[in-house]
Each structure stands twice: as C-alpha cells, then as structure tokens.
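Student: Sending over a structure as structure tokens; questions will come in a sec.
Derivation of every value follows stated rules applied to the coordinates shown; laboratory data play no part. These numbers were taken from a predicted model, which means no experiment stands behind them.
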Amino acid sequence: MQFYNILYDGVSRLTRIVADDLHNDEVTSLVEYMTAMSAGQIAQHKRVIEVNGLTNKKIKFLVHKFLYTRHLSDYGVLDTSGNFEIVQLKPEEKQPEQHENLSPTMDLRLPVVIPHWVQPSDMIEWQGRAPPKTKRLKRK
C-alpha cells in the first residue's frame, strides 16, 4: 500500500464571486481590474465571476481593493466557504427612544430620607482600625 503526500499550496480550483448587488458596468470593471492585477484565469457569467489559479486570500484582497478604489464604501465582501459575495451594507435605522412614563409608587408628600451613616473623610481615618466608640453620658 502506498501513501502519497499531497501538498496543498492554498490555490483552490475554482472560486466564485457573486456580485448581485453591483451594477452591470461595475461587474465588468471588476473583471477587468482582476485580470489586470493578477495572473489567474477569470471568467464572467452575468453577475457571477469565476476565478481559477488564485488563493482565496488574494481574491478577497483584490475585491476589497477594487471596492476601495471605486469609492464603493457601502459594499462589503462576505466569505462563505470559499465563495465570495459582494453585498451592499445598509446602515441600521435609528429608532427614536421612547421613554416609559413611570408613575410614582411612593406618596410624594412624605419626605425621602437617604441614610448616610459614614462620612467619606471618616473612611480614610478608619482604614486599618475599628471606628472609635462614642461614650454616652449617663444622667444622674
């Protein structure tokens, strides 16, 4: 039984770039750009571009560079298992915040007293030892 050592150089057989969100003229200019910038075989079928002989990393780099040079910052590249898809990024619409109208649960006529037992300056003095005990005066 013979074992063959197969080396993988990172070049996939066929990688597809799906550019459904781009206009037709931008798809053809992407094909022209990729043929000028690389030595791989590139074929276009409507809005699908097939690339052969380039690594996925190089393809993704070239598509990002094309989008940057054409000032298409609202488009992004999704990598799904070796196939790339150019999608238009839509910013999320900000909805105005609606605050709840809270009704008071307490009677507003009662004073609100927040207990405050220790002054912050006392905390500094008491570090490492117990607070001093106060002596109460007894009446005779």
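Student: Whole-Hz ³J(HN,Hα) for each residue in segment 48-57, computed from phi via Karplus 6.51 cos²θ - 1.76 cosθ + 1.60 with θ = phi - 60°, x for glycine and proline: what do you get?
Tutor: 10, 10, 9, 10, 10, x, 10, 6, 4, 5
Student: Continuing with the same structure: Assuming 0.36 nm per residue, please report the length gained on full extension of the stretch residue 50 to residue 83 beyond their Cα-Cα distance.
Tutor: 10.9 nm
Student: While we're here: Starting at the first residue of segment 16-26, write each ³J(HN,Hα) from the Karplus equation 6.51 cos²θ - 1.76 cosθ + 1.60 with θ = phi - 60°, in whole Hz, x for Gly and Pro.
Tutor: Residue by residue, segment 16-26 yields 10, 10, 9, 10, 5, 7, 7, 6, 4, 5, 6 Hz.
Student: Next question. I'd like the projected area of segment 11-77, averaged over all directions, using the convex hull of its alpha carbons. Report it in nm² with one decimal.
Tutor: Values: hull surface 15.8 nm².
It is 3.9 nm².
Student: Which ³J(HN,Hα) values, rounded to whole Hz and listed in residue order, are derived for segment 30-44 from phi using the Karplus coefficients 6.51, -1.76 and 1.60 in 6.51 cos²θ - 1.76 cosθ + 1.60 with θ = phi - 60°, glycine and proline given as x?
Tutor: Taking θ as phi minus 60°, the curve returns 5, 5, 5, 5, 5, 5, 6, 8, 9, 9, x, 8, 10, 10, 10 Hz for segment 30-44.
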